[in-house]
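Comments concern the structure below.
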Amino acid sequence: MEEEVEMNNQKEKSQKKNSILVDGVILNGPVADSKSGEKFVEEVSKMIMEEVIKKASDATEKVCEWQSPEKLRTLLDLELKDTGENHPKLLQLCQDVIQFSVKTYHPRFFNQLYAGIDYYSLAARFITEALNPSVYTYEISPVFLLVEEAVLKKMIEYIGWEGGDGIFNPGGSVSNMYAMNLARYKYFPDIKEKGLSGIPQLVLFTSEECHYSVKKAASFLGIGTQNVYFVKSDDRGKMIPEELEKQVQQARSEGSTPFFVSATAGTTVLGAFDPLNDIADICEKHNLWLHVDASWGGSALLSRRHRKLLHGIHRATSVAWNPHKMLMAGIQCCALLVKDSSDLLKRCYSANASYLFQQDKFYDISYDTGDKSIQCSRRADAFKFWMTWKALGTTGLEERVNRALALVRYLVDEIKKREGFQLLLELRSHRKPLPVAPSKRIVARRRLTGPGETACTRPTRGLKCYHYGQAGYRAADCLAPAPVPQVSSRSLIQLLEAGRIKEDLWALADSPNTAGKAPSAQMGATDHQTGTTSLKNPTCEDDPMEEEFSRGDACQL
C-alpha cells in the first residue's frame with residue numbers, strides 16, 4: 001500500500017515537472033475525465049432508448065405531462081451555478097427533461113406539420129451529433145458534402161429539372177428568404193455591392209394563404225411588407241391566377257417593379273396547392289421569378305399517385321422542400337433547390353473568405369459549397385434524409401406520402417360520421433385522367449348535386465360520363481345496364497377493364513344535345529363480335545379539364 005502511494009506521488013511530481021503552464025493553466029493536462037464522460041453518455045443513451053424510443057409508438061403514454069410555465073420552473077432545476085453538478089443529479093435532470101417535454105413521436109401528437117419517428121434518421125442524427133461536423137469545405141466534411149450533393153441531385157430530378165443547384169438550410173422560412181434574395185440579385189446584381197439605393201421600387205406577389213415567412217423575408221431584406229401584394233385565393237385556398245395578373249398590371253401602373261412570385265404547394269392551414277402551371281404562364285409573360293414554397297407539399301413528388309398536385313413545378317425557378325415534414329426526416333431538414341446551373345447561388349452569397357476558401361487546394365474546390373450559404377457553420381442535415389432514403393428506398397418514401405394522405409381521407413370520413421363535429425371544407429383531390437384513346441375516353445364521375453358542387457362517390461349513387469372530342473370535355477348521364485346499376489367509379493373501371501360493359505349501353509356527348517343517345521365513337525379497343533369495350537391501363541395524367549376528380553375516379557390506384 002505504501003509503495004502504491006509512493007508511486008502515485010512520483011507520478012504526480014513527474015507530471016508537474018513536465019507540465020506546460022500558461023497563465024496558471026496546465027495546457028498538457030487532461031481536459032476532461034474521459035472514463036467518467038463515456039459512462040455518462042452510456043447512461044443517457046440507455047435512458048433515451050427506454051424512455052423515448054421504445055415508448056414512441058405506445059399510445060397509452062402521455063403526449064405531454066403539461067405544466068404551466070410557473071409550475072414547471074419549480075419542477076426543474078434551471079439555475080446555472082458556479083460549480084458543476086454530479087452525474088446522478090445530471091441524469092435526473094435528463095429524466096426530467098424527457099418527462100415534461102412534448103413527445104412528438106407519439107401516435108397522438110397532431111399539433112404541427114410533422115410527427116412520428118424515423119429510426120434511420122434518428123440514428124443518422126446520433127452520428128452527426130457525435131462527429132460534430134460543419135458542412136462548408138470538403139477538407140473538414142468530405143462525406144457529408146458528397147451526401148448532400150447526392151440528395152440534392154435526386155430532389156432536383158423529382159422536380160423535373162435537367163440540372164440545377166441547391167443547399168440545405170435551417171428551415172423553410174430561410175429557404176424562402178434565400179429565394180427572394182436570389183431573385184433580386186439575378187435581376188439587379190449590383191445590389192450586392194451598392195445596396196438598395198440603386199434599384200427601383202420592387203414588389204412581390206404571393207397568395208392570401210401563404211406562409212408568414214414570405215412577409216418576414218420582405219421585411220428582413222429591406223423590400224418592405226407594404227410591397228408584398230397578397231393575391232386573392234379561391235374558396236379552397238388556391239391562388240387565383242387571374243387575380244395575380246391583375247395585381248402585376250396594377251403594380252406596373254403604379255410605377256413599381258414586379259420581380260418575384262411565391263406560389264405555395266401545400267398551404268399551412270388548408271393544405272391548398274396553387275395552380276402552378278397557370279402561375280408559371282404569368283411569370284413567363286412578365287419575366288418574373290417563380291418560387292414555389294413546397295416546404296410541406298413537396299414530398300408528394302415522390303408519390304406516383306399524388307405528384308400531380310404539384311403539376312407545373314418543373315417550371316419554377318426555385319423550390320423550398322422540407323423532408324422533415326411528410327417524410328419524417330427529423331427536424332430540421334430543409335432544402336432550397338434552384339433551377340439555375342450557372343453558380344448563381346455562389347455568386348449571390350459568396351464572400352470569398354480566404355482562410356476557408358483558398359483557390360489552390362489539393363482537391364476540386366467546387367466541393368467547398370459553404371460560400372453558397374449566408375451561414376458559415378452549417379449542420380449535416382442532408383445526412384438524415386439520405387439515411388432514411390437509403391433504408392426505405394423511393395418506394396418506401398412513396399408509401400409514407402400515400403399513407404399520410406390516406407389518413408386525411410379516413411379522418412374526413414370519420415368526422416362525417418360523428419355527432420358534434422362539422423366538416424368545414426370538403427376534401428377534394430387534384431388527380432385528373434387523360435383520354436384512354438387518343439381523342440376518346442370514358443370515366444366515372446360523381447353525380448353533380450348543385451352548381452359547382454359534387455357528392456362523394458358511393459356504390460348507391462349515380463354516375464357521370466365524360467367524352468373528350470374536338471369540342472373538349474362534356475358531361476352526360478350514364479345509361480347503366482340492368483346487371484350493373486349505379487356502380488362506384490372503382491367498380492366501373494374494373495368492369496370496363498374486364499370487358500363486361502357493352503359499348504352501346506353508354507351515352508357520350510360531343511355536344512349537349514347528344515346526352516342519352518347512342519355513342520358516336522368507340523372507346524378504347526372494341527371487340528366487334530361480343531360488342532364489349534375494354535379500358536386499357538387507366539392512369540391519372542394531366543388534361544385541360546378544369547374540374548377536379550375525387551380520388552379513385554377513372555384512376556388506377
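What follows draws every value from the coordinates through simple rules; no lab data is involved. None of the values given here were measured: they were computed from a predicted structure. Heads up, the Cβs are rebuilt from the backbone with ideal geometry, glycines too, and the neighbour counts pull from every protein chain shown.
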Relative contact order [Cα under 8 Å, 6+ residues apart], region 146-228, whole percent: 24
Label-point gap, in nm, between Asn111 and Arg409 - each point 7 angstrom along Cα→Cβ: 3.1
Which of His291, Ile279, Gly330, positive extreme of dipole for region 247-398 (C-beta unit charges): Gly330
Backbone HN-Hα couplings from phi across region 134-145 [Karplus 6.51/-1.76/1.60, Hz, Gly and Pro as x]: 10, 8, 10, 10, 5, 5, 9, 9, x, 5, 6, 5
Distance (nanometres) between label positions extended 7 Å along Cα→Cβ at Cys376 and Phe100: 3.6
Amide N proximity, region 58-99 versus Phe40 label position 7 Å along Cα-to-Cβ, cut-off under 12 Å: 84-94
Listed residue pairs exceeding 25 Å between alpha carbons, taken from Lys35/Lys89; Lys246/Lys339; Lys153/Lys186: Lys246/Lys339
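Just to verify a number: FRET efficiency for Arg304 and Ser342, C-beta to C-beta distance, R0 = 51 Å, to 0.05?
Computed FRET efficiency for Arg304 and Ser342: 0.95.
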Gained length - Ile20 relative to Val52, 0.36 nm times residue gap less alpha-carbon distance: 7.1 nm
Around Phe259: net Lys/Arg minus Asp/Glu count, Cβ-Cβ under 12 Å: +3
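What FRET efficiency comes out for the pair Lys194/Gln250, r = Cβ-Cβ distance, R0 = 30 Å, nearest 0.05?
0.55
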Of Lys346/Lys384; Lys55/Lys384; Lys215/Lys238, those spanning more than 23 Å from alpha-carbon to alpha-carbon: Lys346/Lys384
Cα gyration tensor category, rounded, prolate or oblate, for region 166-291 with a/c compared to 1.5: oblate
Net length gained if the chain between Tyr119 and Tyr367 were fully extended (0.36 nm per residue, minus Cα distance): 86.3 nm
Alpha carbon centroid spacing (whole Å) that separates region 272-316 from region 351-413: 20
Positive-end residue, region 90-199 charge dipole about Cα centroid, Cβ charges, pick of Gly172, Tyr136, Ile159: Gly172
Cut-off under 5 Å, modelled amide H: who pairs with Val203 long-range: Thr257, Phe259
Within-9-Å neighbourhood charge of Leu93 [Cβ basis; K, R +1; D, E -1]: -2
